[in-house]
Amino acid sequence: MVTDPLLADLARGTLDRARDHLLGLQHAGGWWQGELETNVTMDAEDLLLREFLGLHDDAVIASAARWIRYQQREDGTWANFYGGPADLSTTVEAYLALRLAGDDQGEPHMKLARDWITEQGGVEATRVFTRIWLALSGLWSWDDLPVIPPELIYLPSWFPLNIYDWGCWARQTIVALAVVQSFRPSRPIGLSIDELKTGGPHGRAPRPRRDLDARPVGGTTSATDPWARFFNGLDKTLHAIDAAFRRHPPLLYRPVKSVRRAALRRCAEWIIARQEKDGCWGGIQPPWVYSLMGLNLLGYELDHPVMAKGIAGLDRFTITEEGPQGPVRRLEACQSPVWDTVLTMTALEDAGLRPDHPALTRAARWVLGEEIHGPGDWQVRRPQTAPGGWAFEFDNDNYPDTDDTAEVVLALRRVAVPSRPAIDRGMAWLTGMQSKDGGWGAFDADNTRKLVNQLPFCDFGAVIDPPSADVTAHIVEAYAAEGRAAEPVARRGVVWLLRNQEPDGSWFGRWGANYLYGTGAVVPALIAAGVKPSKPSIRRAVDWLERHQNPDGGWGEDLRSYDDQGLSAQGASTASQTAWALLALLAAGERGNPATERGIRWLAQTQRPDGTWDEPWFTGTGFPGDFYINYHLYRLAFPVSALGRYVNGGHE
């Protein structure tokens, strides 16, 4: 228990205020849901999608433009995360959206953006997906973009480059995008952005970064890599064949026309089968927008039930607020009610709420209703595994994930609501989803084929789903909580974690920023699984945390650590990241460690009067190096867990 009575009182008061604030955020239906804040490409692409579909709305454009202008920095640029470096593709898409809203290129804020864009190489140097949006809007040539043939849908699951070699988020996007590209559509939006063109080389410039999944550094292909040369050559061949078909359709196109039509029909069936109840695809923006455009190109009118449901579903992801100059509109890239709810349940349990507390029982009943009982793409690799997982979102029944499922198990087992059958199904599903190397990916087992990284259009975001330390740790912790840490499946997970510790003592965080997130997940899991606090792996982790504590007593890590490992655990202190460090230290038995006590004081001193914390920094990860998230509940749920375990002696 706590030995310093003054610190104990300070921590208890801080915990009580945070707990009460968290309880007040519960929805009547039982769940918690915080905003997922990302960057303005979501808003720009939403406007471009609506133009493509013929859904022009001046009020929607004006309110989205207000948000985009609000996010512009003093130098005229836009970034992918708060305080981050300017991003060329994000800035180009934001600039295009403001042009669509009527902002003249000569206005000061537009001139600043334009000058910076041209200094960075212009639109020619943007990522492939930005140039695809330009091509869709009549502002770029499809001839300068990589080919994605829809015939990929025919490749069997054992064959290299089949669609199941991709991570689920990329798989859904690529199938829909293959349909879109086969039509090479151009629906002009009535403006030009020639002022952003420099005539320079095409393609995103390399950036220094950690090789996250053996993708070529910077997302580009190396001229000396044989696979890179092969795929670049293949892309040129596909372009030449496509051009020949278009020049001589009677001679060359007709023999393969039926194959292409059949491939497009198969893609459409595949896409429609994966639409969720709320109209989305996968609960995330990329496959959603390309699926709508692809189906529309195949002849699905806007009043078709699939299209109508898909378009209407976007409203659920839209946040509209009053701003000083009128309504402000922004779009969430995803929503996380299951994740937010189970993290909050665990936090409140750590804070000392009794198992039959109404907030916990309401939440547990809602979570139980979110269990996924049907099939999904994960069965391609694990056909003998029965369903039994949970997804991240309200509606994503095709893609449960192992991370949410583990956290659901950890939360449900401490609530006085009968849930044993659901927990057992979840644990059985997790067992079946273990990869061959002993770790776990988030959505698929053994989704580790790296060849897809070499394809010319893979210059943005992770495209495969290999095992990661944070996901594996959460699952190992679930096994330990269930009293199953000695089982072979859990022991293999422990070995995977020990083998993947970084030389400096930390662990890499795939889905959170970054080494603090990974270490904050792994240390409690290893301790729960029976690894003694005195073991070298734990002592190295504790030493790493002590060395990286900020002078103010908190911990923080800038997202640039994904590009430069030398920046690990360096950044402004945040409530969520401080909590992750504290969770690891407390699990390692470091309750009386001065570093732990300074971290607790930092949380107490920086708490707002209403019980929460200010946290504009992004500490969640979508695609390492490319796409980041500010989970608005992280700043509250994780500190409540850390304070609760400090005050109540949990996980010691």
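3J(HN,Hα) along segment 499-515, derived from phi through the Karplus expression 6.51 cos²θ - 1.76 cosθ + 1.60 where θ = phi - 60°, amounts to 6, 9, 5, 5, x, 7, x, 9, 10, 6, x, 6, 10, x, 8, 10, 5 Hz, with x in place of Gly and Pro. Partner lysines whose Cα lies under 28 Å from the Cα of Lys111, excluding those fewer than 8 positions away in the same chain, are identified as Lys197. Given R₀ = 25 Å, FRET efficiency for Asp144-Gln565 by Cβ-Cβ distance, to 0.05? My answer for the efficiency is 0.15.
Label reach from Lys309 (point 7 Å along Cα→C-beta): in segment 254-291, amide nitrogens under 13 Å belong to 271-282. For Asp563, the residues 5 or more places off, or on other chains, whose built amide H falls under 5 Å of its own are Arg210.
Each residue of segment 614-623 was assigned a 3J(HN,Hα) from its phi angle through the Karplus expression (A = 6.51, B = -1.76, C = 1.60, θ = phi - 60°), giving 7, 8, x, 5, 8, 10, x, 10, x, 10 Hz with x at Gly and Pro. Taking 0.36 nm per residue of sequence separation and removing the Cα-Cα distance, the His109/Ala62 pair yields an extension gain of 15.3 nm. Remark: spin-label model distance Glu269-Val417 equals 3.9 nm, labels positioned 7 Å along the Cα→Cβ axis. If R0 is taken as 45 Å, the Cβ-Cβ distance between Lys532 and Arg608 corresponds to a FRET efficiency of 0.70.
Averaging the Cα positions of each part gives two centres, and for segment 162-196 and segment 577-648 these lie 39 Å apart. Here the 3J(HN,Hα) profile of segment 183-191, calculated from phi with Karplus coefficients 6.51, -1.76 and 1.60 at θ = phi - 60°, is 8, 6, x, 9, 10, x, 9, x, 8 Hz, Gly and Pro shown as x. Over all pairs of different C-alpha atoms in segment 40-139, the reciprocal of the mean inverse distance, the Kirkwood hydrodynamic radius, equals 13.5 Å. For the pair Arg382 and Ala8, label points projected 7 Å from Cα toward Cβ lie 4.4 nm apart.
When the trypsin sites (Lys or Arg not before Pro) in segment 252-329 are filtered for DSSP coil states and for at most 14 other beta-carbon atoms within 10 Å of their beta-carbon, the remaining sites are Lys277. Under a 5 Å amide H cut-off, with hydrogens placed 1.01 Å from N, Gly622 pairs with Phe627, Tyr628, Ile629 among residues at least 5 apart or on other chains. Near Val328, the amide H atoms lying under 5 Å from its own belong to Glu321, Glu322, Gly323; only residues 5 or more places off or on other chains count, and H is placed 1.01 Å from N.
Counting only residues at least eight positions apart within a chain, or on another chain, the lysines with an alpha carbon under 29 Å from that of Lys535 are Lys436. Recomputing log10 I(q)/I(0) by the Debye sum over Cα atoms at q = 0.05, 0.10, 0.11, 0.12 Å⁻¹ from the coordinates shown identifies the correct label among (i) -0.30, -0.95, -1.07, -1.18; (ii) -0.23, -0.93, -1.13, -1.34; (iii) -0.27, -1.01, -1.18, -1.36 as (ii). The Leu161 and Ser186 beta-carbon pair, evaluated with R₀ = 30 Å, returns a calculated FRET efficiency of approximately 0.60.
Computed from the coordinates by the stated procedures, all read-outs in this text should not be read as laboratory data. Model, not experiment: these values are computed from the prediction. FYI the Cβ positions are ideal-geometry reconstructions off the backbone, even for glycines, and counts take in every protein chain you see.
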